1. Rounded to whole Å, give me the distance from the Cα center of region 28-65 to that of region 157-197.
2. Test of understanding: in a Gaussian network model of the chain with alpha carbons linked when under 10 Å, which of 213, 90, 146 would top the mean-square fluctuation ranking?
3. Leaving out ligands, DNA and RNA, and with a 1.4 Å probe, what % of the accessible surface on region 75-165 is carbon or sulfur?
4. Just check region 26-112 against the gyration tensor rule for me: Cα atoms, a ≥ b ≥ c as the square roots of the eigenvalues, rounded for a/c under 1.5, and otherwise prolate or oblate depending on whether a/b exceeds b/c.
5. Per residue of region 196-208, in order, report the coupling 6.51 cos²θ - 1.76 cosθ + 1.60 (Karplus, θ = phi - 60°) as ³J(HN,Hα) in whole Hz, putting x for Gly and Pro.
6. Pick out, in residue order, every one of the chymotrypsin sites (Phe, Trp or Tyr not before Pro) in region 134-177 that is DSSP loop and has at most 15 other C-beta atoms within 10 Å; say none if there are none.
7. In degrees from 0 to 90, rounded to the nearest 10, what is the angle of the helix 94-105 Cα long axis to the longest principal axis of the chain?
8. With each run of n ≥ 4 DSSP H residues scored as -39500 (n - 2.57), what mean residue ellipticity at 222 nm is computed for the chain after dividing by its residue count and rounding to the nearest 500 deg cm²/dmol?
Amino acid sequence: MHAPATSRIPVDLLLRAYRGGVFPMADHRGDPEVYWVEPRERAIIPLGGFRLSKSLKKVLRQDRFHVTCNAAFARVIAECAAPREEHAESWISHRIETSYNALHMAGHAHSIECWQGSELVGGLYGVGFDRVFCGESMFSRQTDASKVALAWLVAAMREAGYALLDCQFMTEHLARMGAVAIPQEKYMALLAGAIGYPAASLPDVIARFGAYSSPGKSIAQSLTQTS
């Protein structure tokens, strides 16, 4: 199923797609068209099943990175869209990038950034609606930066009363962090069960964690508590 090659995908169409368990991808960076993906098998991270390794806990407690939410959404998605290796193609086309920036401006897409001083060194972005967050992509310019962003996301979602963290496709990296693969049918049931409003917004909760004297220590403590 292809969408017409217009300048951007309308916000309401994107949200309808996500609520229907579908998301857009493109064949390459300059692709003017998108195709809608409904995986037979879906990767999710159960919010109570996030695996906090000893090494990641140490990195968090060291506050190696300053972590923010929605401080640089456009930069995060641009970094995620950049090719990871020579001759590699990104599924995040210019059209998709433009569409998600509009979705962010409408309040339905969020980024988590990891900084060292004024340098953006890692992060992730995704789509938020109801009590669901659909992680789209992440990047790392420093060791463990994307893992730290994911740890903050999970802690914030738990604190805010979210119910479902969708990772779309399973990878070895996500599996090590606690992701599990489920059939699309089960994913749709979880999606239906996550309707409603969270107790707080992700930006508010992340700002709250960030105000602690040792934010990373608070995140690590939050993740080691039983859910």
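The values are calculated or read from the model by the stated rules, or taken from the named source; none is laboratory data. The structure presented is a predicted model; accordingly, all values stated were derived computationally and were not measured. All Cβ positions, even for glycine, are placed from backbone atoms using ideal geometry, and neighbour counts span all protein chains on display. The accessibility values were calculated without ligands, DNA or RNA, using every heavy atom of the protein model including side chains. Shrake-Rupley method; radii C 1.70, N 1.55, O 1.52, S 1.80 Å.
1. 10
2. The residue with the greatest mean-square fluctuation here is 213.
3. C and S atoms contribute 45 percent here.
4. Prolate, since a/c reaches 1.5 and a/b exceeds b/c.
5. After applying 6.51 cos²θ - 1.76 cosθ + 1.60, I find x, 9, x, 6, 8, 7, 4, x, 5, 5, 5, 5, 5 Hz.
6. Hits after loop and neighbour filter: 169.
7. Between helix and principal axis, roughly 50 degrees.
8. -11500 deg cm²/dmol
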